[in-house]
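Structure first, then comments.
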Amino acid sequence: MTDRDLLMIPGPIEFEPAVMAALGAKTTSHLDPRFMAAFGRALVASRKVALADDAQPFIVAGTGTLAMEMAIANVVEPGDRVLVVGTGYFSDRIGTMAERQGAKVSYLRAAPGDVPALDEIERALASGSYKAVTVTHVDTSTGVLAPVEAIARLARTHGALSIVDGVCALGGEELRQDAWGVDIAFAGSQKALGAPPGLAVLTVSKRAMEAHRARKARVPSMYLDFSEWLPIMDAYEHGKPAYFATPAVNLISALDVSLGQLLAEGMDARFERHRRLAGAFRAAEQAMGLRTLPVREDVTAHTLSALYYPDGVDASLVGRVRERGVVIAGGLHPDLKTRYFRIGHMGAVSASDVVTTVSAVARALVASGAKVDARAAVAAAEGALS
Ligand code: PMP
């Protein structure tokens, strides 16, 4: 990859220059008033991004996997029942984490490309007293979008906490945490939140904080424990310094800039832009005769596309696209890995990035021997954008 290649994988993504400037700025003390202000703003902004005025935000150094583990470790205790709504690789990962916390985990897995039916989820919830339901808003391995609002509502009805993995969704896909009654939403910094990898961002409902406080035993890991972090988040939000573990000063400063940009765009406008850009990819994909891994429009993510290789084309396509200046990703789902590829289209991605990517993919497909009309693919994307 060269510095001029366009990074269109499902995270990390292209970041805005102002975000990178904050990352590269001189590191201050974590007690410096400028950093305290940046951290405080980022905490307030993370609530607004999740549309979660009532939630407690946590911003902790670590990746999306840390956010997953924090969500589970703080509310799940040994012997608790957890229901995993399975839509791919990352849904299984959070299930494994719950197992490692000693939970009894049930998996309701859909075939790759689909989401378990809501009535199946309801039946499962009604059959036992579950402490929590986990759902991956967008499973990055399949490009499947889950109906978070409906699942969160079912969880409430049956007295379970809803835990939403928004690593590949938050800041791009519509999420209304308070209105939908989602208990824990989380993401890593490196996708639609628009800052380099290295931060876990969580927003936790009052109900989930109460469940955490009502635990029989403390969270076994000190670093994961909400109770250790809460005074720190509270202090920084109110402009006061506090110490538990050194905050990732530059990453948090970069996140402050990117979340400020998200809010300046406005969340509704942002959801709409992601729908529009995804629509342009859909139009181009159809013009190229490509089949998406998600089985229906309503389960297809707006933050990435997962597409089967056409007949006669294999994973060497990814290299051919890179030769044309665009970096895309291969497959990830263990059952289908070699049969599909993925294109990220979230965050700062622009209409011209979409057209450039469609052109590079179409020309690489032609070079791979596929019967694709590259001009028609580009025209379809442009038509959908105009
Ligand atoms: N969940 C989802 C849906 C993801 O896409 C990812 C990363 N691709 C993760 C969790 C894990 O995040 P990280 O790689 O930052 O640990």
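Of the conditions (1) modelled with pLDDT of 95 or more; (2) hydroxyl-bearing (Ser, Thr, Tyr); (3) away from the ligand (no atom under 16 Å from the Cβ), residue 140 fails just one. Which one is it?
With (1) modelled with pLDDT of 95 or more; (2) hydroxyl-bearing (Ser, Thr, Tyr); (3) away from the ligand (no atom under 16 Å from the Cβ) applied to residue 140, the lone miss is (3).
Among what's in the range 15-47 and is buried (at least 16 other Cβ atoms within 10 Å of the Cβ) and of a type in the set (D, E, K, R), pick the residue that is nearest to the chain's Cα centre (by Cα).
By that ranking, first place goes to 47.
Looking only at the range 57-72, how many residues end up being open to solvent by 10 Å² or more (accessible area, probe 1.4 Å), near the ligand (Cβ under 9 Å from one of its atoms) and among the hydrophobic types (A, V, I, L, M, F, W, C)?
Our first condition is that a residue be open to solvent by 10 Å² or more (accessible area, probe 1.4 Å); within the range 57-72, this holds for 61-63, 65-66, 69.
The next check asks that each one be near the ligand (Cβ under 9 Å from one of its atoms); those that pass are 62-63, 65-66.
Of the ones still in play, those that are also among the hydrophobic types (A, V, I, L, M, F, W, C) are 66.
Selection size over the range 57-72: 1.
Filter the range 1-14 down to the residues that are under 22 Å from the mean Cα position of the chain (by Cα), part of a loop (DSSP other than H, G, I, E, B) and hydrophobic (A, V, I, L, M, F, W, C) and list them by number. I'd like the intermediate steps shown before the answer.
Taking the range 1-14 as the starting set, the residues that turn out to be under 22 Å from the mean Cα position of the chain (by Cα) are 6-14.
After this cut, where a residue has to be part of a loop (DSSP other than H, G, I, E, B) as well, the list is 8-14.
The answer is 8, 9, 13.
Determine which single condition residue 273 fails, assuming it passes every other condition in (1) touching an Asp or Glu at 6+ places or on another chain (Cβ under 9 Å); (2) surrounded by fewer than 22 Cβ atoms within 10 Å (Cβ to Cβ); (3) assigned to a loop (DSSP other than H, G, I, E, B).
(3)
Does any residue in the range 52-73 that is at positive phi and of a type in the set (Gly, Ala, Ser) come within less than 8 Å, Cβ to Cβ, of a residue that is open to solvent by 10 Å² or more (accessible area, probe 1.4 Å) and within 14 Å of the ligand (Cβ to nearest atom) six or more places away or on a different chain, and which pairs are these?
Partner pairs satisfying both residue conditions: 62/198.
Assess whether residue 227 counts as being assigned by TED's automatic domain parsing to the domain that holds residue 155, surrounded by 14 or more Cβ atoms within 10 Å (Cβ to Cβ) and more than 29 Å from residue 24 (Cα to Cα).
Working: assigned by TED's automatic domain parsing to the domain that holds residue 155: yes; surrounded by 14 or more Cβ atoms within 10 Å (Cβ to Cβ): yes; more than 29 Å from residue 24 (Cα to Cα): yes.
Against the criterion (assigned by TED's automatic domain parsing to the domain that holds residue 155, surrounded by 14 or more Cβ atoms within 10 Å (Cβ to Cβ) and more than 29 Å from residue 24 (Cα to Cα)), residue 227 qualifies.
I'm trying to understand the selection: among the residues of the range 73-114, which are away from the ligand (no atom under 16 Å from the Cβ), of a type in the set (Gly, Ala, Ser) and assigned to a loop (DSSP other than H, G, I, E, B)?
79, 102, 103, 111 - these are the residues of the range 73-114 that are away from the ligand (no atom under 16 Å from the Cβ), of a type in the set (Gly, Ala, Ser) and assigned to a loop (DSSP other than H, G, I, E, B).
Can you name every residue in the range 278-312 that is crowded, with 22+ Cβ neighbours inside 10 Å and of a type in the set (Phe, Trp, Tyr)?
Once the filter is applied, which keeps residues that are crowded, with 22+ Cβ neighbours inside 10 Å and of a type in the set (Phe, Trp, Tyr), the range 278-312 yields 281, 309.
What is the one condition in (1) out of contact with any strand residue (DSSP E or B) (no Cβ under 9 Å at 6 or more places or on another chain); (2) within 24 Å of residue 247 (Cβ to Cβ) that residue 39 does not satisfy?
(1)
In the range 163-193, how many are within 14 Å of the ligand (Cβ to nearest atom) and at positive phi? Step through it out loud before you land on a result.
First, pick out the residues of the range 163-193 that are within 14 Å of the ligand (Cβ to nearest atom): 163-173, 175, 184-193.
Keeping just the survivors that are at positive phi gives 171.
Total meeting the criteria: 1.
If we scan the range 112-128, do we find a residue that is touching a Ser or Thr at 6+ places or on another chain (Cβ under 7 Å) and open to solvent by less than 10 Å² (accessible area, probe 1.4 Å)? Lay out the reasoning, then the answer.
Initial filter on the range 112-128 (touching a Ser or Thr at 6+ places or on another chain (Cβ under 7 Å)): 112-113, 115, 124.
Retained after the next criterion (residues that are open to solvent by less than 10 Å² (accessible area, probe 1.4 Å)): 113.
Checked the range 112-128: at least one residue is touching a Ser or Thr at 6+ places or on another chain (Cβ under 7 Å) and open to solvent by less than 10 Å² (accessible area, probe 1.4 Å).
The values are calculated or read from the model by the stated rules, or taken from the named source; none is laboratory data. Just so it is clear, the model here is predicted, and its values are computed rather than measured. As a convention, Cβ positions derive from the backbone with ideal geometry for all residues, glycine included, and neighbour counts pool all protein chains shown. Ligands, DNA and RNA are excluded from the accessible area calculation, which covers all protein heavy atoms including side chains. Shrake-Rupley method; radii C 1.70, N 1.55, O 1.52, S 1.80 Å.
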